[in-house]
Each structure stands twice: as C-alpha cells, then as structure tokens.
Amino acid sequence: MSQGKALKSALNNRRPTNLPYGFEQLMMRRILLEAERKKKRSFVWGLIVISFVSIGMIAATIYILTYYFSFSMYLALPDISFSSQTQSWFVACGYIAVLMLALLALDGYFRNLWQKRHGQSS
Amino acid sequence: MTDEADYIRRILDGEPKLFSFFLERYSRPIYSLIIQLVPNHEDAEELTQDTFVKAFRKLDAFKNDCSFSTWLYRIAYNTAISATRKRRIVFPVLDENVVGNIPDETIDAFFENDDNEELLQRLEQAIDYLNSEEKALITLYYMEEKSVSDVASILELSTDNVKVKLFRVRKKLYEWIKRKDDESR
C-alpha cells in the first residue's frame, strides 16, 4: 500500500494535535481521585460481601440446628452460676482480650504507616 | 512490551502514580486520533480524559492478547464513536461503478503528492465528509503509522477488511476531490 504522503499532511494540517499545557498533571489528578474511589468501592463491596456471607452462615447454622437437630438453647445450656473465683478469671480473660485487641490495632496502624512511607520512597 | 506489563502489574498492586508513564507515552497519539473524529478541540480533550479514566478503571480486565497501545486505542475509538453517534454526517453518494473503476496506480500517485497546497486543502475538506470509522482508519494507518493488523485489532475488523476499506476511502476521497474540481470549472 502507498505511503499516502498527501493524506498524512492533510490529516496533520486539519486539526492541531498538541494537547494543552498541564494536561498530564490534570489527568494524573483525576486518576489519583479515581484510584481513591476504586479503593473505597472495593472496601465497601468487601464489607458487603463479608456481611452477607456472615449473616448467611449464622442463619444457616440457626436453621440447621433448629429444624434438623431440634436444638433448643434453653434446654441445652445449664444454669449458669458464677463463683467469686470464676468471676476473677473472667476479669483476667477480659483484660487479656482487650490487650490483644489493642496490640492488633497498633500492629495494623504501624503496618499502614510503614507501607505508606515505603510506597512514597519507591 | 515487558516494561508496560510491569507497570500495569504495579499499578494494580496499588501504585496508581505509575499511570503517568502511560499518560506521557500515549496522551498525544490518543488525542490525535480523537481530534480527527470529533468536531472540536474541547470535546477531543474531554474524550481523551475519559479514555484514560476508562482505561484505568478497566486495567484489571486488560488481557495480554494484544498490546496495551492497541487496547487503549480501541477504548479511545469506542469512546469517540459513542460521543459522535448522534451527529451523523452523510458522505455524498458516489457511483459505485465510478469508484470501482479508478485504477489503483492513479490513486497511489495522487496521494503521494504533498506539495500541492490546493490539493491538501481539498483533501482536508473531503476528510470532513468521511464517517468516523473511515477517519479512524486513515488516521491510524497514515498518521499514526500503525500496521494493518494493528488497525484491524483496534477497529475490531479483519485485516482483509481493513485493506479493502483503506482502498475504498482513498478512492472516495479521490472521487470527491475530482468532482469538486469539475464543479469549480
């Protein structure tokens, strides 16, 4: 096929092909906003999916226990009575659980911080 | 292009800033294609932006069955086509026999001459009357110097179809210019 020099010149003359100054910076801002939106969207979707799956699993468990195994919560659980020793154990366990949660939260926070700094430097 | 695949992987892994690599590389060629298909500069700029935003959104859907540039051009073409769909320009009806009877050599010689200013002006006017697909064909093939197979992939046509259409567009333009010449005499 021919080179079509005249066609190439006509196409070039027909419309200027230069983008305005700052186009790429403007575009990059839009892309970063879009990235943020995408991140939020995927987080929300993840949350929705997890919630639905959890609710579904709980509902399925209750349904199976109630209708297939004729399970009754009132009959199955013995009368609960707390002695003073048991109560102190409960307090200790609660303290450990809160401590664990706080440590996990701190771990998550520092991981995030490290990832942000690492991302910026690369 | 390995570096492009690497950039895509990293963007998907959470480094959106790296998308500037694609902006630097492709914003001008994408804009050059779109500006040929839409009537004004503002629309072209906006559609170029839309093209890149769409590409970013769908980046995870990009399969390596074609090059990134082909994929991006396809998005740009479809975006521009959707925008121009309402505004249809009808090319003046040409006699199929006349178009078919022009020898290829005559047309080849005609389009090789880029020194004649008057011819170039006529050609610019004639291009306005082409439909969007035809404009995209000649822009990609002659201006962006894409191969026939790349053009086929972007416009989702077969390579034979692209070759035939390119010949037909050239003949159409030739016939339109000749007709205008006859009218002005």
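The values are calculated or read from the model by the stated rules, or taken from the named source; none is laboratory data. Being a predicted model, the structure only gives us computed values, none of them experimental. Note that we place each Cβ from the backbone using ideal geometry, even for glycine, and neighbour counts take in every protein chain shown.
Annotations
- A count restricted to segment A:1-19 and to residues that are within 7 Å of chain B (Cβ to nearest Cβ), loosely packed, with under 14 Cβ neighbours inside 10 Å and more than 30 Å from B:Asp104 (Cβ to Cβ) stands at 0.
- Selection of first residues in segment B:5-23 that are among the charged types (D, E, K, R) and of second residues that are at pLDDT below 90, restricted to Cβ pairs under 6 Å at least 6 apart or on distinct chains, gives an empty result.
- Tally, over segment A:21-34, of residues that are within 7 Å of another protein chain (Cβ to nearest Cβ) and of a type outside the set (Val, Ile, Thr): 7
- Enumeration of residues in segment B:30-69 that are touching an Asp or Glu at 6+ places or on another chain (Cβ under 6 Å) and within 17 Å of B:Glu145 (Cβ to Cβ): none
- Residue match in segment B:136-148 (condition: surrounded by fewer than 16 Cβ atoms within 10 Å (Cβ to Cβ), charged (D, E, K, R) and either away from chain A (no Cβ under 11 Å) or assigned to a helix (DSSP H, G or I) (or both)): no
- Exactly one residue among B:Val151, B:Val164 is within 12 Å of chain A (Cβ to nearest Cβ) and in contact with a helix residue (DSSP H, G or I) (Cβ under 9 Å, 6 or more places away or on another chain), and that residue is B:Val151.
- Per the listing B:Val164, B:Val169, the residue uniquely buried (at least 18 other Cβ atoms within 10 Å of the Cβ), assigned to a helix (DSSP H, G or I) and not basic (Lys, Arg) is B:Val169.
- Pairs are defined by a Cβ separation below 9 Å, a sequence spacing of at least 6 or placement on different chains, a first member in segment A:100-120 that is within 14 Å of another protein chain (Cβ to nearest Cβ), and a second member that is surrounded by 10 or more Cβ atoms within 10 Å (Cβ to Cβ) and not hydroxyl-bearing (Ser, Thr, Tyr); the pairs so defined are A:Gln115/B:Gly14; A:Gly119/B:Gly14; A:Gly119/B:Glu15; A:Gly119/B:Lys17.
- Restricting segment B:97-135 to residues that are more than 10 Å from chain A (Cβ to nearest Cβ) and exposed (fewer than 13 other Cβ atoms within 10 Å of the Cβ), the residue that is nearest to B:Asp181 (Cα to Cα) is B:Glu118.
- Residues of segment B:30-80 that turn out to be β-branched (Val, Ile, Thr) and touching a residue at least 40 places away in the same chain (Cβ under 8 Å), as a count: 5
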